[in-house]
Amino acid sequence: MTDTPDQGQEPTPEEAVHPETAAVLGGRADGELSLAPVLYPTSTFAFDSVDEGRRLATSMAPDRFYSRYGNPTINAFEATIADLEGAEAARAFASGMGAVSAVVLGICSSGDHVVAQRQLYAGTQLFLQTVCPRMGIDVTFVDGTTPGAFAEAVVPGRTMLVIAETPANPRLDLVDLDDLGSIANALTVVDSTFATPLGQRPLDHGVDLVLHSATKGIAGHNDATLGVIAGSQDLISWLWGFATLQGANASPYDAYNAHRGVRTLGARLRQQSETALLLAGFLEGRPEVADVRYPGLASHPQHELAVRQMRSMGGLLTFDLARGIDAGRRFVEATSIARQATSLGGPETLVCHSATTTHVSLTPDELEASGIGEGTVRVSCGLEHVDDLVADFGRGLDAAGV
Ligand SMILES: *Cc1c(COP(=O)(O)O)cnc(C)c1O
């Protein structure tokens with residue numbers, strides 16, 4: 001919860017409601033009668049007196065001062081995410097990468113060390129591989145699925161940050177959140193984008209910061225680009241100080257769309273998870289398919305961990321076509337309801353053939369090293385009727401061939 005002008009008032013005790021309910025109720029100002037969140041597109045606010053100006057200029061995330069510092073629309077979205085994540089505070093950013101770069105550059109200095117998992121969103125991986133070395137920040141990559149791998153790579157006194165993503169690109173590998181949260185001598189951060197705040201709560205496991213590309217499931221309609229980080233008030237205040245200078249603050253328009261999206265996240269996530277499980281089961285039974293990865297399938301190598309730490313298995317799945325690169329191309333060209341696009345978490349089902357799109361520059365060996373086969377297809381399940389999707393995928397598989 002970000003600071004409000006009513007410093008003297010005790011915060012009302014958290015209502016004991018389910019997260020889906022909290023998502024609907026969150027972030028509404030007391031006494032506000034508009035049921036939709038209110039959009040304040042303004043970049044700045046007038047203040048009544050010198051004293052008021054001084055108070056605003058010296059407070060954390062003032063909601064009516066200057067919108068790079070804070071804004072009622074953005075702060076309301078942040079308060080909702082903080083609530084859903086069980087965090088004291090949250091800060092929104094212009095994109096998921098704005099959030100990733102703020103965590104790394106806001107916390108680490110030249111000479112510091114970062115431990116990160118090998119299975120990561122490509123933008124995060126590139127940031128760690130190209131920007132960090134230029135800043136004198138060393139990064140060690142580990143296999144996030146190996147128990148204890150993060151803790152072993154921590155160098156006491158030098159490692160500032162441990163970065164994990166779960167479920168992770170591209171093969172929906174999971175990181176054990178209890179294992180990660182038990183690391184005490186470095187700050188831990190989880191990119192929880194694929195799970196959404198209703199799918200898992202990393203802070204409950206002792207993790208220090210949780211991060212989302214809110215562009216994805218949180219905003220949920222492919223009409224906003226923003227990111228968000230939640231954690232303790234101390235850490236978010238520190239990151240807020242960096243963020244006001246970094247300048248990758250969220251736009252009020254995007255925060256408005258994201259807050260609009262959060263209110264239906266429960267229903268969307270439930271539907272998308274149900275569709276993903278049905279589609280995964282359908283794909284598993286087809287001869288054109290060599291392998292299906294979905295945390296909700298008993299065949300997922302970390303299914304027990306998924307059941308232990310996830311409330312919902314999410315709408316993302318990955319599968320491998322037996323006949324490789326040509327089959328992948330034929331599959332995505334033969335589907336018509338499922339569109340070819342990158343991104344995820346929206347109403348439209350999206351398919352992406354990694355070897356000819358996101359990872360086109362890699363050799364077959366490099367593809368294998370990053371867990372991507374020539375026939376790997378990533379699916380973001382949307383909100384269409386599952387029978388229509390099964391028919392569409394059936395057409396794609398017929399075209400892919402056995
Ligand atoms: C998309 C994504 C990001 C980056 O978010 P942007 O909003 O595109 O900057 C980071 N992590 C994960 C897991 C993502 O899917």
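The values are calculated or read from the model by the stated rules, or taken from the named source; none is laboratory data. These numbers were taken from a predicted model, which means no experiment stands behind them. Because the Cβ atoms are built from the backbone with ideal geometry, glycine has one as well, and the counts that use them run over all protein chains shown. What goes into the accessible areas is simple: the full protein's heavy atoms, side chains included, and nothing from ligands, DNA or RNA. Shrake-Rupley method; radii C 1.70, N 1.55, O 1.52, S 1.80 Å.
If you roll a 1.4 angstrom probe over the protein chains with everything in place, what fraction of the accessible area of the chain belongs to carbon and sulfur, to the nearest %?
53 percent
Applying the Karplus parametrisation 6.51 cos²θ - 1.76 cosθ + 1.60 with θ = phi - 60° to the phi angles of region 19-35, what ³J(HN,Hα) value in whole Hz is obtained for each residue in order, glycine and proline being reported as x?
Result, ordered by residue: x, 4, 6, 4, 5, 6, 8, x, x, 9, 5, 4, x, 6, 8, 5, 6 Hz.
In Å², what does the accessible area per residue of the chain work out to with a 1.4 Å probe?
43 Å²
Which ³J(HN,Hα) values, rounded to whole Hz and listed in residue order, are derived for region 194-203 from phi using the Karplus coefficients 6.51, -1.76 and 1.60 in 6.51 cos²θ - 1.76 cosθ + 1.60 with θ = phi - 60°, glycine and proline given as x?
5, 8, 6, x, 8, x, 6, 10, x, 5
Assign one of three labels to region 120-211, namely rounded, prolate or oblate, based on the Cα gyration tensor with a ≥ b ≥ c the square roots of its eigenvalues; rounded applies when a/c is under 1.5, prolate when it is not and a/b is larger than b/c, and oblate otherwise.
oblate
To the nearest 20 debye, what charge dipole does region 322-398 have about its Cα centre, counting +1 at the Cβ of each Lys and Arg and -1 at the Cβ of each Asp and Glu?
80 debye
What value does region 209-348 have for Rg/Rh, both radii from Cα atoms and Rh as Kirkwood defines it?
1.05
What is region 265-400's relative contact order, in percent, from Cα pairs under 8 angstrom and six or more apart in sequence?
Relative contact order of region 265-400: 29 percent.
Less than 14 Å Cβ to Cβ from D48, Lys/Arg counted +1 and Asp/Glu -1: what total charge do the surrounding residues give?
Here the count lands on +1.
Compare the peptides 296-308, 252-264 by average per-residue count of other Cβ atoms within 10 angstrom and give them in order, highest first.
252-264, 296-308
Please provide three numbers in whole Å: the alpha-carbon extents of region 142-290 along the principal axes, with the largest listed first.
52, 41, 23
How many nm is it between the label spots at D388 and A369, if each spot is 7 Å from the Cα in line with the beta carbon?
Each label point is offset 7 Å from its Cα along the Cβ direction, giving 4.3 nm.
Once the piece of chain linking V38 and T358 is laid out straight, how much longer is it, given 0.36 nm per residue of separation minus the C-alpha distance between them?
111.5 nm
Using a Gaussian network model of the chain with C-alpha springs under 10 Å, which one of R68, R339, R134 is most mobile by mean-square fluctuation?
R134
Report, by chain and number, residues whose modeled amide H sits under 5 Å from the one on T349, excluding near sequence neighbours (fewer than 5 apart, same chain).
R339, G382, L383, E384
Taking all pairs of different Cα atoms in region 265-400, averaging 1/r and flipping that mean, what Kirkwood radius in angstroms comes out?
Its Kirkwood hydrodynamic radius stands at 14.9 Å.
Taking the Cβ-Cβ separation of Y66 and E348 as r and a Förster radius of 60 Å, what is the calculated FRET efficiency to the nearest 0.05?
The calculated FRET efficiency here is 0.95.
Taking the Cα centre of the chain as origin, work out the dipole magnitude from +1 charges on Lys and Arg Cβ and -1 charges on Asp and Glu Cβ, in debye rounded to 20.
Computed about the Cα centre, the dipole is about 700 debye.
So, in Å, what gap is there between the alpha-carbon centers of region 214-228 and region 105-175?
Each part's Cα centre sits 24 Å from the other's.
Across every pair of different alpha-carbon atoms, what Kirkwood hydrodynamic radius in Å does region 355-402 reach?
12.6 Å
Quick one: net charge around W238, please, counting Lys, Arg +1 and Asp, Glu -1 for every other residue with C-beta under 12 Å from its C-beta.
Around W238, the surrounding residues sum to -1.
As a check on your grasp of the helix formula, calculate [θ] at 222 nm for the chain: sum -39500 (n - 2.57) over DSSP H runs of n ≥ 4, divide by the residue count, round to the nearest 500.
So the calculated ellipticity at 222 nm is -10000 deg cm²/dmol.
Among G70, G206, G231, whose mean-square fluctuation peaks in a Gaussian network model of the chain (Cα, cutoff 10 Å)?
G206
Please work out whether region 62-132 counts as rounded, prolate or oblate from its C-alpha gyration tensor, where a ≥ b ≥ c are the square roots of the eigenvalues and a/c under 1.5 means rounded, while otherwise a/b larger than b/c means prolate and anything else oblate?
Judged from the Cα gyration tensor, region 62-132 comes out prolate (a/c at least 1.5, a/b above b/c).
Per residue of region 132-137, in order, report the coupling 6.51 cos²θ - 1.76 cosθ + 1.60 (Karplus, θ = phi - 60°) as ³J(HN,Hα) in whole Hz, putting x for Gly and Pro.
4, x, 5, 8, x, 9
For region 283-323, build the charge dipole from Cβ charges (+1 Lys, Arg; -1 Asp, Glu) around the Cα centre, then report which of L297, G315, L283 sits farthest towards its positive end.
With unit charges placed on the Cβ atoms, the residue in question is G315.
Under a GNM of the chain (C-alpha, springs under 10 Å), which listed residue has the highest mean-square fluctuation: G227, G144, G31?
Greatest mean-square fluctuation among the candidates belongs to G31.
Taking the convex hull of the Cα atoms, report for the chain its projected area averaged over all directions, in nm².
Averaged projected area of the chain's Cα convex hull equals 20.0 nm².
Would you work out the relative contact order for the chain, in percent, from Cα pairs under 8 angstrom that are 6 or more residues apart?
Computed over the chain, the figure is 15 percent.
State to the nearest 20 debye the size of the charge dipole of region 265-400 about its Cα centre, where the only charges are +1 on K and R beta carbons and -1 on D and E beta carbons.
420 debye
Rounded to the nearest 0.05, what FRET efficiency do R54 and A29 have when you use their Cβ-Cβ distance and R0 = 25 Å?
Taking R0 as 25 Å, the efficiency between R54 and A29 is 0.60.
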